[in-house]
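Beneath this line is the structure, given in C-alpha cells, with notes to follow.
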Amino acid sequence: MDKKHDINELMTFDTSVWKYGPCEGKRLGWHWIFKSLFDKCWTQFQASLQTVDWTKKQTAQSLFNAPNWQSMKFGMRIAIGRVLRYFVDNGWLPLVVLNPKATGTKHYGWIGG
C-alpha cells in the first residue's frame, strides 16, 4: 500500500448504549466490535504487512503479531480475525482469503503473490 489511511477515513462507526454507557463500534453480523479494537487491528495489520514472510500462508495471529496471542481471551482472538476478514473483504488491505469457506482459521495471501 502506497498511502497509509486512517481507519476513520475508510469506515463509519455506530454508537450503541451498553452497560457502562455509550460506546462506538460496528456490528459484524451478530457481533459488536468496539472501535478501539478496529483501531488497534488497523495499526497492527498495517505494520505487519511489510514484515511477514509472504511465501507462507498468514493468519490473523501472524498478521496481528502479538507476542501474547495465546494468553489473550479466546473471544478477543476471534474478534481480531473477524476484523481482519472485514478489512480484506472491503479491499482495504492488499490480501486475499485463501480458504474463504473454512469454518475455522482463515489463511491470507498477498494479492498478486
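Given the criterion over 16 Å from the mean Cα position of the chain (by Cα) and either of a type in the set (A, V, I, L, M) or farther than 18 Å from Val97 by Cβ (or both), identify the matching residue among Ser36, Ser71. Every option except Ser71 fails the conditions. Inside the stretch 83-110, residues that are over 19 Å from Cys41 (Cβ atoms) and either touching a strand residue (DSSP E or B) at 6+ places or on another chain (Cβ under 7 Å) or of a type in the set (Phe, Trp, Tyr) (or both) make up a count of 1. Taking every residue in the stretch 40-60 that is more than 11 Å from Leu84 (Cα to Cα) and pairing it with any residue that is β-branched (Val, Ile, Thr) and part of a loop (DSSP other than H, G, I, E, B), at least 6 positions away or on another chain, the pairs with Cβ-Cβ distances below 7 Å are Gln58/Val52.
Taken as a whole, the structure places Asn90 among residues that are touching a helix residue (DSSP H, G or I) at 6+ places or on another chain (Cβ under 9 Å) and either surrounded by fewer than 17 Cβ atoms within 10 Å (Cβ to Cβ) or at pLDDT below 90 (or both). Given the structure, is Lys4 part of a loop (DSSP other than H, G, I, E, B) and either modelled with pLDDT under 95 or of a type in the set (Ser, Thr, Tyr) (or both)? Yes.
Of the residues that make up the stretch 32-46, is at least one over 17 Å from Phe64 (Cα atoms) and among the hydrophobic types (A, V, I, L, M, F, W, C)? Checked against the condition, which is being over 17 Å from Phe64 (Cα atoms) and among the hydrophobic types (A, V, I, L, M, F, W, C), the stretch 32-46 yields at least one hit. Scanning the stretch 47-100 for residues being touching a Gly at 6+ places or on another chain (Cβ under 6 Å) and either outside any loop (DSSP other than H, G, I, E, B) or closer than 22 Å to Phe13 by Cβ (or both) gives a total of 2.
The values are calculated or read from the model by the stated rules, or taken from the named source; none is laboratory data. Since the structure is predicted, the reported quantities are computational estimates derived from the model, not experimental observations. Don't worry about glycine lacking a Cβ; one is built from the backbone with ideal geometry, like all the others, and counts go over all protein chains shown.
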